[in-house]
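As structure tokens, the structure follows; a few thoughts come after it.
The values are calculated or read from the model by the stated rules, or taken from the named source; none is laboratory data. Bear in mind the structure is a predicted one, so any value in this text is a computation, not a measurement. Reconstructed Cβ throughout: ideal geometry from the backbone, glycine too, with neighbour counts over all protein chains shown.
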Amino acid sequence: MVLSYLFAQLLPWVRGRSGGLLVLGSANVDESLRGYFTKYDCSSSDIAPIGRLLNMNPARADGVGGISKTDLRMFLEYAQGAFSLPILAKFLSATPTAELEPITKDYVQSDEVDMGMTYQELSIFGRLRKVSKCGPFSMFEKLLHEWSERISPTEIAAKVKRFFYFYSVNRHKMTTLTPAYHAEGYSPDDNRFDLRQFLYNARWSWQFKKIDRLAEELENSK
């Protein structure tokens, strides 16, 4: 980011122009929510175009107001045909990666593997946390009704607890988010807009124990 800002200031000068350029960030709403970014690195910029923008999908007028990975993918699928951009197929088929490890012919580091959840799941967690104002246990109860046909209560519990652990330990990063366009109710706002604390006890002892008890009861009742 230091180099990005250096070039943003030098390029106009080199080209004989006045002023400076704005640095754009590439962080998206899902990564911001979970804290899957480096503080003052990819999160640092003057404007975050896809950080928290208006939902591109009119069919999902459910309060989701940020370009998550899933929203962005849907827009790219549309743009590929609508604007005759076949090159976008390579983006759609690529593994989402922060390039944290060397990329080889047979291996590409995967964001979803590292996070322990898919971007689709992360988008759902975000809606429940911000729009529905769910804590760990209420989120677990809601997801039991939505996911119980494909995964077990124990697996749902593990995903919910993993999300809230990383949400809480990375909450301090919300204080440094680059400004982005706010159009709807959903977004991982920093402490200027979201008045919840940015330092949490990441153990969530009471909530997690309650989740585990209910998950165990449901597993034993099968």
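Say we look at the range 1-47 and pick out the residues that are in a helix (DSSP H, G or I) and within 13 Å of the chain's Cα centre (by Cα); which of these is nearest to residue 99 (Cα to Cα)?
31
Is one or more of the residues making up the range 127-140 under 26 Å from residue 94 (Cα atoms), at pLDDT 90 or above and charged (D, E, K, R)?
Within the range 127-140, not a single residue is under 26 Å from residue 94 (Cα atoms), at pLDDT 90 or above and charged (D, E, K, R).
Is there a residue being basic (Lys, Arg), at pLDDT below 90 and buried (at least 20 other Cβ atoms within 10 Å of the Cβ) anywhere in the range 46-68?
yes
Mind listing whichever residues of the range 25-41 are surrounded by 15 or more Cβ atoms within 10 Å (Cβ to Cβ) and at negative phi?
25, 27, 28, 29, 30, 31, 32, 33, 34, 36, 37, listed by residue number.
Quick check on the range 102-112. Is at least one of its residues in contact with a helix residue (DSSP H, G or I) (Cβ under 8 Å, 6 or more places away or on another chain), farther than 30 Å from residue 222 by Cα and loosely packed, with under 14 Cβ neighbours inside 10 Å?
no
Can you tell me which residue among 151, 211 is part of a loop (DSSP other than H, G, I, E, B), over 18 Å from residue 126 (Cα atoms), at pLDDT 90 or above and of a type outside the set (D, E, K, R)?
When all the criteria are applied, what remains is 151.
If residue 199 satisfies all but one of (1) part of a loop (DSSP other than H, G, I, E, B); (2) of a type in the set (A, V, I, L, M, F, W, C); (3) touching a Ser or Thr at 6+ places or on another chain (Cβ under 8 Å); (4) modelled with pLDDT of 75 or more, what's the number of the condition it fails?
Result: residue 199 passes all but (3).
If you go through the range 123-146 one residue at a time, do you hit one that is among the aromatic types (Phe, Trp, Tyr) and either touching a Ser or Thr at 6+ places or on another chain (Cβ under 8 Å) or loosely packed, with under 12 Cβ neighbours inside 10 Å (or both)?
no
Select from the range 125-179 the residues that are touching a Leu at 6+ places or on another chain (Cβ under 9 Å) and of a type in the set (Gly, Ala, Ser) and list them in ascending order.
If the condition is that a residue be touching a Leu at 6+ places or on another chain (Cβ under 9 Å) and of a type in the set (Gly, Ala, Ser), then 126, 138, 148, 152, 157, 168 are the ones that fit.
Consider the range 95-141. How many of its residues are in contact with a Lys or Arg (Cβ under 8 Å, 6 or more places away or on another chain), farther than 15 Å from residue 167 by Cα and acidic (Asp, Glu)?
Counting residues in the range 95-141 that are in contact with a Lys or Arg (Cβ under 8 Å, 6 or more places away or on another chain), farther than 15 Å from residue 167 by Cα and acidic (Asp, Glu) gives 0.
Which pairs turn up if I take residues in the range 89-107 that are assigned to a loop (DSSP other than H, G, I, E, B) and modelled with pLDDT under 90 and look for partners that are surrounded by 12 or more Cβ atoms within 10 Å (Cβ to Cβ) and among the charged types (D, E, K, R) with beta carbon separation below 7 Å, at least 6 apart in sequence or on another chain?
Final answer for the pair search is 96/69; 96/111; 96/112; 97/111; 98/111.
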